Structures are given as C-alpha cells and as structure tokens.
Amino acid sequence: GGAGVAGSGGDPGIGAGTGAGSGEHPADEGSSTGGMTATAYDWLTTVDHEKIGILYLAFGTVAALWGGMDAMMIRTELLTPAANVWTEGTYNALFTTHGTTMLFFFVTPVFFGITNYVLPLMIGADDLAFPRLNAIGFWLLPPALLMVRAGLTTEVLGKLLGLVVDPSLLTVLFAVAPPELGWTMYTPRSITTVNPGVNFFLLGLHLSGISTSMAAINFVVTVFTERSDDVGLGSLNVFSWTMLTTSGLVLFAFPLLGSVIVMLLLDRNFGTAFFTANGGGPMLYQHLFWFFGHPEVYIIFLPATGLVSTILPKFSDRKLFGFRFIVYSTLAMGVLSFGVWAHHMFTTGADPAILMSFMVVSIAIAVPSAIKTFNWITTMWRGSIRLTAPMLLCIGGISLFVLGGITGVFLAAIPIDVMYQDTYYVVGHFHLILMGIIPFMQFAASYYWFPLITKRMYDRRLAKLQAVLLVTGSTVTFLALVLLGMMGLPRRYAAYPAEFAPLQVVASVGAFVIGASVFLWLYVMAKGYLAGDPVRDADVWDLKRTHQFTREWQAFEEELAEEEGVASRPPDEFSPSSERQTAGETTTPPDSPRDPLAGERFAEEFTTLVEEFGLGRGRYDLTVEAERATVEYETDPAHRTETRSTFRNAYTALVSEYDVRRNLEGRVTKAEVDSPRWYRWTVERAAAEAFVNDAITEEEYVTRIDETIAVRD
C-alpha cells in the first residue's frame, strides 16, 4: 500500500494510498448520483487496510460521541443531590451503556483503526495478511453497537416522542428497556432481569468480541509473515511490539468472554444453572469475567503506551531511551495481567491466603508500568522539547497515568481496597488511566498522522488549545472523583447526600470542559481536512534532522514525489548536526576504505572526555551523538560524509566548551597539566583535529591514539 493519501495537488484525499480499493476525494466524484453510488460502494466493499482503518476511526468517533453523551447526561444528573433530571432507572442504564460503549466500541476500534492504517506501512507490508477477514471484522461492529444500545435508544427516543405523540402509540419503543447492569453484568441481576434488551445487549457484546478476535489474528499473522525482508523481530518498532502483545492478550481473553456470555444467555433463556445459586453461583461468574476483564484493561492500555513510545521521542529530538526495556515491560505486563483478576474480588469473602497472592502480583505489575514511565521521562531529559499538540498530549497523558497509577497501587493493598471498594475513588482511579493516557494518545495520534492521512495540515494553535482543555478538564474531573471516594461516597447512585455536592459540581464542570475539547477536536479535524494547507514536504515534523523519519513517512514522501514532484532530500542535508553547521561548510568523504576501529575509537575518546571532564552537558548528548555516528559510519559516501560532519561538530563543541571552562573557572591546575590525563587530552585533541579536518587518514589517527596510550602508560 501507499502512504494513505490520494488525489493530486491540493485535493485532501483520504486513505486512498496505492493499495487495492483506492479511491478519490469526494469532491472529485462530482455531484452525480452515479458518482456518489460508486463511492459508497467502494467504501462499503473495500478490503484495503487504509480505508478499513479510516472506517474504524470514523466508527470509533461516533461511538465516542454516543458514549460521551451518556457521560454528559450522568454528570448533569449529579449536579444536584436529588435525582431530578433523569429517573434512577435511566441513570443505571446510562452508566451501563457508557462504560460498555467506551470500552468495547470506542477505545478498541480506534486503536485497531490506527493499527490498520500504519502497521503495514511500518513493517513494509502491502496489506494485512487477511484483507477480507479484516473487512468482516469491522462490519460486525455497527450492528453490535446498535444491539448494545437498543434499549436506551428506544427509551430516550420514546420519551422525546411522547412529548408530541400519544404515549399509547409508542408501546413498541418501550418493549425493549435499557439494561441496568453496569458493564460488568454481575449475576444474579443479569440473569433474573426480565428484559429482552439484556439479550440484545449480550448478543451485541458477543459480536464485538468476535470482531476483536478477528482483528487480533490478522495483526499477529501480519507481523510474523507479511513484514519486509529487512524488518526482523529484533528491528521491529515499539508500536508493532505493543500491538503484537495486545493481540496475544485478545486471543487468550476474549474467547472466555464469549463463553461467559453464552452461559449467561443459556441461564436467562433456557433454565441452565451455570451462574445461579444452585449451580456455579455468582462467584464463578466473577472469576470468569474478571479473568477476561483485567486483561481487557491492558488490551486498551498497552496500545496507548506504544503510541507514547512512538510519538514522544519525535518531539523530544532524541531517540527512545531504553527500547529493549520498553518492549520487555510490555511483554511482562501482558503476562502479569492474567494473574491479577481477583483484586476485583477482595470483598467477596474468598480465601484470604489466595487473595494475598493476588495482592502481591497486583503490586508487582506496577513495576513494568514504572519502567515505561521512567524511560519516557528519560527520553525527554535534556532533550529539545517541542510543545506541539501531540507532545502536549503525551506529557499530559504521562502525568495523569502517574496519578492513576499511584491511586491504583493503594487499591492493590487489601486493607485499603476494603475501605474504597465501590466508592468514587475506584471511578477516579480508573478514569485517570482510561480517560488519561488512552484517549490522550488517540488524540495525539490523530494530530501526528493527520498530514499523512489527509495530505493537509490542521490549525496547530487550535490543536494546542484543544490539548490544554482536555488535560485540564480530565485532571479536574477525576481528581475530584478521587476526593469524593476518599470522603466515602459510594458510586452508581443517582442521589447522594448534600455535603458531597460541591465536589460533584466541580467534577461536572470539568466533564463539560472535556466535552468542549472533544467538539473543538472535531472542528480542528474538519477544518484541517476541508481547508487545511496542503502538505508539500513529507517531513512535516522535522524528523529527518533527528533520524526518526520512519517507514510510514518515507512511504508518504515517495508518494508525494510521484504525485507532485517533491524530491526527497539526500541524507547529508538532514543529518542531526546540519542545523549546527556553518554556512558554506563542506566535507569530503575519505577515499580510503573505512578502518572499522577508527570511528569506534573516536566515539570512545568522546565518551571518556565527557565522563572525566563533565563536558557536553546541557547542550546535547555528545556521547550519544558520537556513538550514533559510529554506528552509521558506512562505506556509502553520503553516510560517511554525514558521519564526518557529525564528528566535526561534536568535536568542535566539545573543545569550545572545555576551553571556556578552563579559562573562566580556572579548572586546570599545574598538577592537572602535568598529569597523564592532561597529556592524553592534549595529544589526542591534536590528533582528533587533524582527523576531522582530513589532514591525516583514519589509520594514522588510530596509530597516534595507540602511541598516546603507550606513552601515558
């Protein structure tokens, strides 16, 4: 497939790419009915990964708005202590459909849409392994969502129509009542409730589980069998590793959800006793559900961490710190997520010895989360931070993730969990994670890859405003919920004591700010797509300068070059040191073959000087510069020119900084001048200067260094 853009010139095509099923921008179709029909048919029958990815994203956006409307209705009700806006039954239905819609129909489809679009581009694949299975998996979701929300939709619609129509004419609408179960569907209530809407609800969840499993199979097979020959597992990017782990969790967890739903349907409709009191009982249901339910939390959390690890380094102007530890922590979280389910059951009366083991694992799973957090912070440390909208959302997401993680560690301890179980503390903790890092990174991804998908650029100032509003509203809302829980307010009640009203109002105001930020995001996306500036240069984020111009952007650049004649810049024009080169400075690649020790020795000397003299701090990491230059020092003349330039600039900055410190701080004493270390530095400085100025060959440079070490010793 291509880079996921279509059209030519300024036409903002979406997702056409160069793969199968590519289409054109709607404006190019004209206004004829035949053209519209052809476009609709093309999108309804497409098997192209880019178009299906866009369909996932569009569906997830609709589901988010629908579930977000539930949240706004909930917060409107909670503005006052009495249940005087909606009935208690409607309130119960609202938090049921809100949680289910957000978890199963918003978060997962959006992540799968992002993965559909960029994963094949990242690994050099033409498409996903099973394109038709990919299409089937998506088209199961719309009917599933309608079935899950059937009861609440008919109730709200019936009440609205009842204002202008005789209610006796609307009995059909009220026949299917909304489920009042919560997204956990606990028994015995989910069995004994006489409401056909519950059956629709369960069948819709079952369909969504089948869809999710299909997508997971496709992602796993694609990564293992469809990646380019030059992409090994060792060189797989961090987002691909994250989605590979997530897909593995789906394949182990979702079949259990399907089994539980089938057993619930049998108990409800055919009199079986899987979860009734004379059968397995509610405890069996909770064990089975949470064995799926807690991995589900990581199924929607891990892709967000992959996006942080992908986007954050791009705007820190540094490569991701601790890549291997990020990957290992992802795998560790995937494994440990199946061993913590009973921490949701600390108050059920289960064997304390068994619960103690789950408490230990629940605390242990915080370790890989902390590893990720520290690696993200270290990536930003001493980096050149660019506060773009994606970067603001990354920083905000990490901040809320830390807050959510800290509150979660307390819940892992049995004595504290007993106090806060089923209070607003749990709601606040859960949403600091779910509404923090997860939607934040989805918004960040929409900004980051928007130029690649639409070939246009959005309004960056409005995007930053949207990011600030989202971070502010989320922080205010969910910290208020944590405080309400610490005060002892139980969750899932439409009415509450009046002393809790001030914090409830604060939480509702914060929620309305979140809602405003979402509508602002929609405006930014629509304005960017319809009237944004056309992208002429694929390097919209200045990624070549830091060698982070990844495969999907390279594919985008190739497509621009083909369609609009935008030539790719050669490597020596976007080297990491290019912005530090003086005007008119040129370098000449050496004619002799590379001595494999020369670059490595040069990097080693830089490392030694930085460590011994404390140089290079606060400007850029000279050690990393030199080591990267060593790795990239190849026989290709362009790369050798780039490496020599990197050496020259790193060396010049190092010498300059050392001279300043020596003159201003008086750091060099006579004893230091007479020391072997000073002698080594003096001689090696002269050798290095001759090397970077092409006065001596690499072999001569190595010889001088060896002689220096011998004389010093």
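The values are calculated or read from the model by the stated rules, or taken from the named source; none is laboratory data. From a predicted model like this one, the values you see are computed outputs, not experimental measurements. Please note: Cβ atoms are built from the backbone with ideal geometry, for glycine as well, and neighbour counts cover all protein chains shown.
Pick out the one residue from M214, M185 that is in a loop (DSSP other than H, G, I, E, B), in contact (Cβ under 8 Å) with a residue 24 or more places away in the chain and in contact with a Phe, Trp or Tyr (Cβ under 9 Å, 6 or more places away or on another chain). So the residue among M214, M185 that is in a loop (DSSP other than H, G, I, E, B), in contact (Cβ under 8 Å) with a residue 24 or more places away in the chain and in contact with a Phe, Trp or Tyr (Cβ under 9 Å, 6 or more places away or on another chain) is M185. Name the residues in the stretch 345-374 that are farther than 27 Å from W241 by Cβ and among the hydroxyl-bearing types (S, T, Y), would you? Residues satisfying the conditions are T347, T348, S357.
Assessment of the stretch 158-166 against the conditions (of a type in the set (K, R), on the phi < 0 side of the Ramachandran plot and touching a residue at least 12 places away in the same chain (Cβ under 8 Å)) yields no matching residue. For the stretch 292-320, the candidate set comprises residues that are touching a Phe, Trp or Tyr at 6+ places or on another chain (Cβ under 9 Å) and among the charged types (D, E, K, R); within that set, the residue that is farthest from D542 (Cα to Cα) is E296. The number of residues in the stretch 476-508 that are in contact with a Lys or Arg (Cβ under 9 Å, 6 or more places away or on another chain) and either among the β-branched types (V, I, T) or farther than 21 Å from L411 by Cα (or both) comes to 4.
In the stretch 195-212, of all residues being among the polar types (S, T, N, Q) and more than 20 Å from the chain's Cα centre (by Cα), the one that is modelled with the lowest pLDDT corresponds to N195. Could you list all residues from the stretch 404-426 that are within 15 Å of T475 (Cβ to Cβ) and surrounded by 21 or more Cβ atoms within 10 Å (Cβ to Cβ)? Within the stretch 404-426, G404, T407 meet the criteria. At pLDDT below 90 and part of a helix (DSSP H, G or I), is that true of A561? In short, yes. The residues on offer are L65, L128, and the sole one that is over 18 Å from the mean Cα position of the chain (by Cα) and either crowded, with 22+ Cβ neighbours inside 10 Å or without any contact (Cβ under 8 Å) to a residue 24 or more places away in the chain (or both) is L128. From the list A40, A58, the lone residue that is aliphatic (A, V, I, L, M) and either at pLDDT below 95 or in contact with a strand residue (DSSP E or B) (Cβ under 9 Å, 6 or more places away or on another chain) (or both) is A40.
State yes or no: is A177 over 24 Å from F291 (Cα atoms), surrounded by 18 or more Cβ atoms within 10 Å (Cβ to Cβ) and at pLDDT below 90?
Criteria met by A177.
Quick check, is F478 within 22 Å of the chain's Cα centre (by Cα), more than 16 Å from A511 (Cα to Cα), hydrophobic (A, V, I, L, M, F, W, C) and assigned to a helix (DSSP H, G or I)? Answer is no for this residue. Which of the residues spanning the stretch 230-261 are touching a residue at least 40 places away in the same chain (Cβ under 8 Å) and in a loop (DSSP other than H, G, I, E, B)? D230, V231, L236, N237 - these are the residues of the stretch 230-261 that are touching a residue at least 40 places away in the same chain (Cβ under 8 Å) and in a loop (DSSP other than H, G, I, E, B). Which members of the stretch 208-241 meet the condition of being among the β-branched types (V, I, T), under 19 Å from G293 (Cα atoms) and surrounded by 23 or more Cβ atoms within 10 Å (Cβ to Cβ)? The one that is among the β-branched types (V, I, T), under 19 Å from G293 (Cα atoms) and surrounded by 23 or more Cβ atoms within 10 Å (Cβ to Cβ): T212.
Please find, within the stretch 184-194, the residue that is farthest from the chain's Cα centre (by Cα) out of those that are buried (at least 17 other Cβ atoms within 10 Å of the Cβ) and of a type outside the set (V, I, T). Selected residue: S190. The set of residues from the stretch 350-395 being part of a helix (DSSP H, G or I) and of a type in the set (G, A, S) comprises A353, S357, S362, A364, A366, S369, A370, A389. A single member of F275, F338 is aromatic (F, W, Y), touching a residue at least 24 places away in the same chain (Cβ under 8 Å) and assigned to a loop (DSSP other than H, G, I, E, B), and it is F275. Of these, F346, F325, F401, F315, which one is surrounded by fewer than 22 Cβ atoms within 10 Å (Cβ to Cβ) and in contact (Cβ under 8 Å) with a residue 12 or more places away in the chain? On inspection, the qualifying residue turns out to be F325.
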